Structure formats: structure tokens, C-alpha cells
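For reference, the structure is listed below as C-alpha cells.
The values are calculated or read from the model by the stated rules, or taken from the named source; none is laboratory data. For clarity, every value in this text was computed on a predicted model and none was experimentally measured. In this analysis, Cβ positions are derived from the backbone assuming ideal geometry, glycine residues included, and neighbour counts consider all displayed protein chains.
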Amino acid sequence: MIEEIATLSLAVVMPLTGTTVDIKKVEPTPTAIYNDSGKGYEFEGIFLEDKENIYTLMCPFENNSLTTQSDDDKKLLMVFASKLADLTIDFDEDYSYFKFLSELRDDEQKYINFLYGALYNGDLKICNAISIYLSQRSFKFINADEENFVLQLLKNGDLGKQYFSLQTILNWDNISNLNELKSVKIANRYLQEDLEDFISQKES
Amino acid sequence: MAYLVRKININQWPDGENSFFVSKEELNADAVTSDLRTTNNTLSWWRIDDETELESAGISIVSKLNSKQNNIRIIALSFEELEANFCLKNTPNQGDTAVKEFKQRHYDMCNMNYGLLGKISYFIAKETSQTKKNMILKINVKAAIAKIKELVEKGKADKEMLGDYIKEQLKIN
């Protein structure tokens, strides 16, 4: 294993909008580990690989990976990678990017998996950005890992994370683990009231 | 009894059970910087004549939502009490809402400074901490959008003025 910092210089044309986004660099964090495959970089739960023009994205959850040969997907992955590698990014100001992305694609669910990977960086801004992003969408399908992730955020997070994870849960049509939700105590009685209303609706 | 109404992020303020209001100096900075953002040293409020108009004020506020929220919370504070402590001006031209009737009810809390921001924070925190009856109202956004749709159909709300999220929900381009 060799530690290495990679710098790529790309110009990406965002699909549909035609907007040109200059990616000055795709720079894994200093803890990045050079991958044996030769071209990939593994950093803090996210694995990005350029292998015969196939980009593979893997997240901490089992079986949550995205492999694509689509040019559009590749470009988006590179944009994500560059943004997530730069942990100083102000995700509050960058919210428009998430909005742009959410409007861009119907099959955005797979990108959520990528965003989950960012959680493992442990950066509150990123966690909040993920939560904000999730709270803006209505997902018909929530798989068990994703549901559990948000539940854990609600159960164990501070009030800020509880707020955003609750907003996500309130968007769900279904929840498989209602009992676990009942055991949650939110550190704000108004939000607790929102949660209890949601549980009552799902039980009725 | 008249009130002034404003949207707040309820998770930022003491709730009187899990977090307590000790003094305005100890309030979360986020509460002040996110909920009490001023423009030209003014803070925007909506006047209602009595409690029966609280929901209408909530609908008026929801009409400008740009992003998805499930519920919002609004706070109503006594007009009389605020008038005794702050500079208030009726500014219909500044009324940023799609609900036509509510534009007239817009008030600016003017000449705001560091001290007055602390003072209004005190009024808000005192109310959010009140665990019995208080003037914090939850507005369900979905239900509010249904009302806004009716108002648009009746010509009582200006569809061009709706927030992006509301336009999206009502399929208005």
C-alpha cells in the first residue's frame, strides 16, 4: 500500500443543462490509500476507480455499489468525488448543487448510496447536507440499510441530526420498523410531537 | 387581541422540557442567526387581529416556501407588547406573500440593533419554553398547499408570487 495524492484536471459538461463545470482536482484526503488495481483510490469509505473506463462506486453498506459505463454517470461521479474530497466545501451554500442533481435524474436513488458514504467522513456539514438532500425527496423505496441508517441518525444523533433525519422519515410512505421508531426520544418536544403524529398516522 | 406572526425553526429554540431558557445570552447562536435574519435592520412580521387568523397567517407564509418541508411552526406575539418595546411600521409594499389579502398585514420591526435582537430573542424563547398553552402553531404544509390551491383558483392568491416548491406542487410553471 502506497499513500498517494492524485490530481486530475477535468472539464465536465453537465448533462441536460450544458453547464461547464471545471473540476480543478480530484484529490483524495491525505489518508487516501492507493489501491492495488493501479488506478483507484480508496478513502474513508468511498472507493472510486477508473478501470477500463468503468467507474465503480462502493459504499460502506454491503451490495450498495454502482458500476456504470454511462458517460453521464461517470461525469456525475467525478463531480461528486471532487466535491466530497474537498471537505472544506460549504454544503449550505452548495445546496443548489443537490437541488440541481435531484431535478436532473429520475433514478437518483443510487446516488443516495454515494452520499451515505460521505457519512463515514464524520463531517457534520456533510451529514447535514445528506439529511437536507434526503429530506427534499419522497422515496417510494427505502431499503433496509437506508432505513436503518436514518433511524440510527434519529436515535443517536444530536438535535441537529435528529431534526434532519426526522424530516426524512416524515417523507416515507412506509417504514418497516415502526417499533424502533417508537422508542426514539427526540431532544425537542415539538419534534417529538411531529414524530408521534407520524407514528399514529402509520398505525391507523 | 392582535398579534404579530413569524415563522421560526422550532428546533433552534428552548422547548422548556429538554432545553431551558435561562437568559438571552445563552440562546443558541443558530437561533438568532437563522431565525432573526434582518434586512436593512428590519425584521418581517405579519399582523393578525386575533387567534382565529393564525392558520391564515401560516398559509400565507407557506405560500412562499421554496423547498420541501412537512410542517412549519409559527409564533404569535402580542402586538401590544411588541409595540411597546420595538419600532413597528406597517409596510404593505414589503409583504412577500402570494396571498393577496395578507400583503396589507405586513409589518417591519425596524431600527433593529444588537440589543433589540437580544430583546426579541427573549420574547420568542419565553414563548417557545412555555410548556402549557403557548402561541406556537404547527402548520401542516400539505394541508396548507390544498388551501393555497383554492385561493389561487378563487383569484385570492397570486400564482406568480408562489414559492418554487409550492409552484412545483401545484404544477404551475
Could you check how many residues of the range B:94-119 are part of a helix (DSSP H, G or I) and in contact (Cβ under 8 Å) with a residue 12 or more places away in the chain? 8
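Residues are listed down the side, and each one gets a yes or a no for (1) in a loop (DSSP other than H, G, I, E, B); (2) more than 23 Å from the chain's Cα centre (by Cα); (3) within 14 Å of chain B (Cβ to nearest Cβ); (4) without any contact (Cβ under 8 Å) to a residue 12 or more places away in the chain:
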residue	(1), (2), (3), (4)
A:151	no, no, no, no
A:162	no, no, yes, no
A:167	no, no, yes, no
A:179	no, yes, no, yes
A:190	no, yes, yes, yes
A:197	no, yes, yes, yes
What is the one condition in (1) away from chain A (no Cβ under 14 Å); (2) within 19 Å of residue B:52 (Cα to Cα) that residue B:126 does not satisfy? (2)
Considering only residues that are touching a Ser or Thr at 6+ places or on another chain (Cβ under 9 Å), closer than 13 Å to residue B:55 by Cβ and charged (D, E, K, R), which ones fall in the range B:131-173? B:147
If you scan the range B:87-107, which residues turn out to be buried (at least 22 other Cβ atoms within 10 Å of the Cβ) and under 12 Å from residue B:42 (Cβ atoms)? B:107
Answer yes or no: is there a residue in the range B:62-77 that is within 20 Å of residue B:110 (Cβ to Cβ), more than 14 Å from chain A (Cβ to nearest Cβ) and part of a helix (DSSP H, G or I). no
Kindly provide the set of residues from the range B:1-48 that are in a helix (DSSP H, G or I), surrounded by fewer than 20 Cβ atoms within 10 Å (Cβ to Cβ) and within 14 Å of another protein chain (Cβ to nearest Cβ), ordered by number. B:29, B:30, B:33, B:34
Here are some conditions: (1) modelled with pLDDT of 75 or more; (2) surrounded by 14 or more Cβ atoms within 10 Å (Cβ to Cβ). Residue A:135 meets all but one. Which one does it not meet? (1)
Residue, farthest from the chain's Cα centre (by Cα), within the range B:1-33, restricted to residues that are closer than 23 Å to residue B:54 by Cα and of a type in the set (Gly, Ala, Ser): B:16
